[in-house]
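Only one structure is covered here, and it is reproduced in the block below.
Please treat every number below as a calculation from the coordinates, not as lab data. None of these values were measured; they are calculated from a predicted model. Every residue, glycine as well, gets a Cβ built from its backbone with ideal geometry; the counts of neighbours run over all protein chains shown.
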């Protein structure tokens with residue numbers, strides 16, 4: 001989340017655990033708390049506040065040491081991340097993070113597309129995905145991206161999912 005702490009613009013992130021068994025309303029509610037809450041008070045950002053108080057070399061070193069054990073990375077960084085620059089006029093970008101899979105979302109923009117043999121204008125979102133080859137094979141990553149694409153395309157305008165299968169857990 002793009003926030004300001006002590007007059008400095010920063011990007012803060014939070015790990016949402018157990019999303020596979022969390023409803024969309026609960027996810028949206030938690031996200032809203034993180035977006036609107038005071039980052040100097042929210043417990044989710046305590047680690048970031050500590051690192052920002054330290055000199056940059058020391059903070060960087062402590063962060064790297066903290067996530068060095070491979071088993072610790074998932075709880076500290078999450079396994080799946082979404083990075084969005086769509087609030088600006090950015091069409092697409094490649095986000096490289098410490099998670100197994102990172103999606104980069106650009107802006108939704110009207111673009112010409114072909115539907116039923118005719119060129120029409122439709123809202124299009126460019127979706128980029130990077131992944132850690134140490135954790136997931138490229139073929140599996142391609143399957144994940146294809147499933148996410150199908151799920152996104154399966155949502156109707158009123159938000160009802162039209163696919164009758166679930167996206168496999170990562």
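Entry note, the chain: relative contact order of 12 percent, from Cα contacts under 8 Å with a spacing of 6+ residues.
The helix-based estimate of mean residue ellipticity at 222 nm for the chain, built from -39,500 (n - 2.57) per DSSP H run of four or more residues and divided by its residue count, is -10500 deg cm²/dmol to the nearest 500.
If you fit an axis through the alpha-carbon atoms of helix 138-153 and take the longest principal axis of the Cα set of the chain, what angle between them do you get, 0 to 90°, nearest 10? Roughly 60 degrees between the two axes. Of all beta bridges that DSSP places with both ends in the chain, some 80 percent have antiparallel geometry. Taking the inverse of the mean reciprocal distance over all distinct Cα pairs, the Kirkwood hydrodynamic radius of the stretch 1-77 comes to 13.9 Å. Inter-part distance, the stretch 76-104 to the stretch 115-153, computed on C-alpha centroids, equals 14 Å.
Ranked highest first by average number of other Cβ atoms within 10 Å, how do 119-128, 17-26, 142-151 line up? Kindly include the intermediate steps, with their values, before the conclusion.
Numbers: 119-128: 12.5, 17-26: 10.1, 142-151: 14.1.
Peptide ranking by packing, descending: 142-151, 119-128, 17-26.
Does anyone have the angle between helix 24-36 and the longest principal axis of the chain? Alpha-carbon axes, 0 to 90°, nearest 10? Value to nearest ten degrees: 50.
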